[in-house]
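The values are calculated or read from the model by the stated rules, or taken from the named source; none is laboratory data. These numbers come from a predicted model, not from an experiment. When we count neighbours, we look across all protein chains shown, and the Cβ atoms used for this are built from the backbone with ideal geometry, even at glycine.
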Amino acid sequence: MKRNLVLFFQQFHDNSKLPRGTNSSFISLIPKVDTPQSLNEYRPISLIGCMYKILAKILALRLKVVLPYLVNERQMGFVEGMGLLQGAMVLNETLDEVRQKKKSCMYFKVDFEKAYDLVSWTFVLYMLRRFGFQDKWIGWIGECLRTSSMSVLVNGSPTTKFSMQKLVENKHITSPLLLRQGDPLALFLFVLVVEGLTGLVREASNSGLFRVVKVGSKGELVNILKYADDTIFVGEASVENVRTLKVILRGFELASGLC
């Protein structure tokens with residue numbers, strides 16, 4: 001077993017290729033409520049093979065180390081050193097200050113629908129390049145994304161296996177199902193994807209298109225807070241800011257697939 005594992009990792013490291021069938025998974029539907037009535041009330045969980053899961057876990061642990069240096073400090077989810085409590089404190093302090101100084105302020109919360117299912121894998125690779133990852137690393141992640149195949153468990157029996165890459169090539173869907181629930185890489189890759197939205201808000205704030213709120217004695221700017229797939233925008237309460245946010249969200253949707 002040890003020899004097979006070492007050979008598997010060595011070949012993947014050198015060639016950025018996975019053996020056929022390594023990245024296959026079964027989709028099991030987990031009810032979100034006590035008495036589900038529709039597919040929307042189920043959560044898909046991918047049951048992934050141990051060989052790929054070990055590989056993905058190693059890549060995820062290495063990605064986790066550099067994540068705090070890549071993402072904005074306003075990302076409070078799944079980033080070491082950043083917690084939900086910190087984000088709640090920032091929101092409370094902002095709210096207290098705008099009340100005391102009677103400023104106009106807008107809180108706009110966005111929750112991405114089926115976040116993992118809608119991300120375009122091409123956008124993930126684009127974000128990795130923007131963050132300066134080497135071609136070798138991007139090749140590893142790309143192979144993990146492109147070779148994924150799934151079959152659905154129906155009453156305990158699997159359906160015919162289907163490849164996500166072939167679905168894209170056949171144009172059956174415009175944005176491939178990508179980040180699988182149960183894949184160790186999914187959380188961290190999603191955090192990198194959402195960082196693209198932070199960049200859009202930052203550029204809009206710097207150019208004056210989105211007017212932000214300043215808090216504290218140093219006038220710290222607060223414009224966005226993220227909790228993994230939940231995002232809160234903070235800015236002046238104005239029609240212009242709402243219009244700017246609509247443009248930002250629409251542009252991000254077209255680029256990443258998230259909506």
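Taken over segment 1-36, the criterion of being part of a loop (DSSP other than H, G, I, E, B) and among the small types (Gly, Ala, Ser) is satisfied by 16, 21.
Only one of the numbered conditions (1) assigned to a helix (DSSP H, G or I); (2) at pLDDT below 80; (3) out of contact with any Leu (no Cβ under 7 Å at 6 or more places or on another chain) is violated by residue 82, and that is (1).
Just one of (1) in contact with a helix residue (DSSP H, G or I) (Cβ under 9 Å, 6 or more places away or on another chain); (2) surrounded by fewer than 16 Cβ atoms within 10 Å (Cβ to Cβ); (3) of a type outside the set (Gly, Ala, Ser); (4) in a strand (DSSP E or B) fails for residue 44. It is (2). Among the residues of segment 51-62, is any in contact with an Asp or Glu (Cβ under 8 Å, 6 or more places away or on another chain) and at pLDDT below 80? No: zero hits. Taking the criterion of being of a type in the set (D, E, K, R) and over 19 Å from residue 144 (Cα atoms), would at least one residue in segment 35-49 satisfy it? Within segment 35-49, one or more residues are of a type in the set (D, E, K, R) and over 19 Å from residue 144 (Cα atoms). Residues in segment 237-259 that are touching a Lys or Arg at 6+ places or on another chain (Cβ under 9 Å) and in a helix (DSSP H, G or I): 240, 241, 244. Is there a residue in segment 92-112 that is at pLDDT below 85, part of a loop (DSSP other than H, G, I, E, B), within 17 Å of the chain's Cα centre (by Cα) and among the hydroxyl-bearing types (Ser, Thr, Tyr)? Checked segment 92-112: no residue is at pLDDT below 85, part of a loop (DSSP other than H, G, I, E, B), within 17 Å of the chain's Cα centre (by Cα) and among the hydroxyl-bearing types (Ser, Thr, Tyr).
Cβ-Cβ contacts under 7 Å between residues 6 or more apart (or on different chains), taken from a first residue in segment 3-21 that is surrounded by 11 or more Cβ atoms within 10 Å (Cβ to Cβ) to a second residue that is among the β-branched types (Val, Ile, Thr), are listed as 18/147.
Here segment 66-76 is the region considered, the condition is being touching a residue at least 12 places away in the same chain (Cβ under 8 Å) and of a type in the set (A, V, I, L, M), and the residue that is nearest to residue 145 (Cα to Cα) is 67. Looking only at residues of segment 149-179 that are in contact with a Phe, Trp or Tyr (Cβ under 9 Å, 6 or more places away or on another chain) and at pLDDT 80 or above, we find that the one that is nearest to residue 9 (Cα to Cα) is 149. Taken together, the criteria exclude residue 179 from residues that are assigned to a helix (DSSP H, G or I) and more than 18 Å from residue 98 (Cβ to Cβ). Screening residue 192 on (1) surrounded by fewer than 19 Cβ atoms within 10 Å (Cβ to Cβ); (2) modelled with pLDDT of 85 or more; (3) not aromatic (Phe, Trp, Tyr) shows it passes everything except condition (1).
For segment 202-225, taking the residues that are more than 23 Å from residue 102 (Cβ to Cβ) and touching a Ser or Thr at 6+ places or on another chain (Cβ under 7 Å), the one that is surrounded by the fewest Cβ atoms within 10 Å (Cβ to Cβ) is identified as 209.
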